[in-house]
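Single-structure report; data block below.
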Amino acid sequence: MKIAILMLACLAHTVLGQSQRNGRQTNSTISNVNSTAPSSTRTMPIVCYYYGWAATRPDPASYDVDKIPGDLCTHVNFAYAGVAPNTWELDSQVPRYDADKGLYKKFTAIKDDYPKLKTLLSVGGWQHPNGVFSQMSSTPQNRQKFITSVLQWMKEYNLDGVDLAWPFPGVDYRGGGPQDKENYVQLAKELSKELRANGLMLTMEVPLSDQHLNPGYDIAELAKYVDWFNVHAYDLRGKWNGVTDVHSPLFPRDIDVGDQQKLNVKDGLENLVSRGAPKSKLVMGIPFFGRGFTLLDRSQHGLHAIMNGNVPPNPGPFVRSSDVYSYFEICLFLKSGWTREFDDQGKAPYAYYNNQWIGYEDTESIKHKMNFLLREGYAGVYVFNNDMDDFRGLCGEPNVLLKTIRNSLNQDKNDIAETL
């Protein structure tokens, strides 16, 4: 496997060198995609998440603000800022990079090139301690300190709104309590009032599962105050299940049992509608990353193969995570001998090599998701996160996943494939 990783690194740097010698050819390709799209497609949000840590990765994985394809996104969320304990004000999570080096202003400066683009600040994220959110939202005084700080940041950094990313209010293993559910509504109500008075947006990340929705999200009430929900339609399966699986199945499958029978994108979105969320406020998340497993028996490599819980998956060569793999790592794996299969019921691909297994998204699965979204009338789509796309074109066309989403919106309604 180490030899394979070295080969991938050499291949990536060879392709990277070619793209650099070609100058700005990549950007012109993106512009051509945008120029052929009818202006009406801009009415559907395509929300891109910019992950601040991505700029610290070694090349070719390094992803700075200047790589954001502003012509393929309608909104870009900076992930993530935090909440400071005790003061309850907004706080940088990586001050040595984003705040001290002016990354926030550099981030919003991309609107100079893309005037229609909206830039938002996502607050929270999985790494953020939930207890701080619980305390901040617990009293009117604490909430007001947070709101005042938000308004200051919006003005100072020329931001267009806030995306609340609290995973998950009310859930005890995340430090939440039963009071979080009502307090979150109050926070959204008070924050929305101030933001709207200043022409600013409020969006909110929400999960799909009842396990996380029930304790902390009054969807019908929250829907009154947000512009839309960014629906966390991925990480629905994982190593905690003990078997291999794709983590963002679009539809239920015959292999699903128990709670997993409803834990898919289609049923999850319908669950949110039944809880009071208008379809016009549901923006579906699509992951640009895969989740990996180590097989217990390399000859058993299909869906629901038993994983070896004692041996973590091999880290990818660039993101260097033993669990998360960027699409540009996965597409290079496929060029080096991995086998790709497709879950035809869940509409998602997976790949394996030796005792390694990854479930992910590609252009085929994204087309299925976009057809579903357009047919069912949901609001839009967000991608998490665009630094995981093949943004350098290591395997072919740059930003191929994001372009697949963008091009899907160019379809005439009558031309949407009857594949669902």
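The values are calculated or read from the model by the stated rules, or taken from the named source; none is laboratory data. The structure displayed is predicted, hence computed values, not measured ones. Glycine also receives a Cβ, built like all others from the backbone with ideal geometry; neighbour counts cover every protein chain displayed.
List of remarks:
To keep it simple, each residue is scored yes or no on (1) surrounded by fewer than 19 Cβ atoms within 10 Å (Cβ to Cβ); (2) of a type in the set (V, I, T); (3) at pLDDT below 95.
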position	(1), (2), (3)
K347	no, no, no
Y350	no, no, no
Q356	no, no, no
Y360	no, no, no
E364	yes, no, no
D387	no, no, no
V400	no, yes, no
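- When S122, S134, S149 are checked against the criterion of being in a helix (DSSP H, G or I), closer than 27 Å to N214 by Cα and small (G, A, S), S134 stands alone in meeting it.
- Within segment 39-54, restricting attention to residues that are buried (at least 21 other Cβ atoms within 10 Å of the Cβ) and outside any strand (DSSP E or B), the residue that is modelled with the lowest pLDDT is G52.
- Among the residues of segment 251-277, those identified as of a type outside the set (K, R), out of contact with any strand residue (DSSP E or B) (no Cβ under 8 Å at 6 or more places or on another chain) and not in a helix (DSSP H, G or I) are F251, P252, D254, I255, D256, V257, L263, N264, G276.
- Residue that is farthest from E190 (Cα to Cα) [pool: residues in segment 220-253 that are surrounded by fewer than 18 Cβ atoms within 10 Å (Cβ to Cβ) and in contact with a helix residue (DSSP H, G or I) (Cβ under 6 Å, 6 or more places away or on another chain)]: P252
- Taking the criterion of being charged (D, E, K, R), in a loop (DSSP other than H, G, I, E, B) and in contact (Cβ under 8 Å) with a residue 40 or more places away in the chain, the residues of segment 339-367 that qualify are K347, E361.
- Pairs, first within 16 Å of T108 (Cβ to Cβ) in segment 75-92, second outside any strand (DSSP E or B) and among the aliphatic types (A, V, I, L, M), C-beta under 7 Å, six or more apart: V76/I68; V76/L117; L90/V150; S92/A99
- For segment 213-248, a residue qualifies if it is out of contact with any Leu (no Cβ under 7 Å at 6 or more places or on another chain) and in a loop (DSSP other than H, G, I, E, B), and the qualifying residues are Y217, D218, A223, K224, Y234, D235, R237, G238, G242, V246.
- Some residue of segment 265-287 being more than 21 Å from the chain's Cα centre (by Cα), closer than 29 Å to S134 by Cβ, modelled with pLDDT of 95 or more and basic (K, R): yes
- Sub-6 Å Cβ pairs linking a first residue in segment 176-204 that is on the phi > 0 side of the Ramachandran plot and in a helix (DSSP H, G or I) to a second residue that is buried (at least 21 other Cβ atoms within 10 Å of the Cβ) and of a type outside the set (D, E), at least 6 apart or interchain, number zero.
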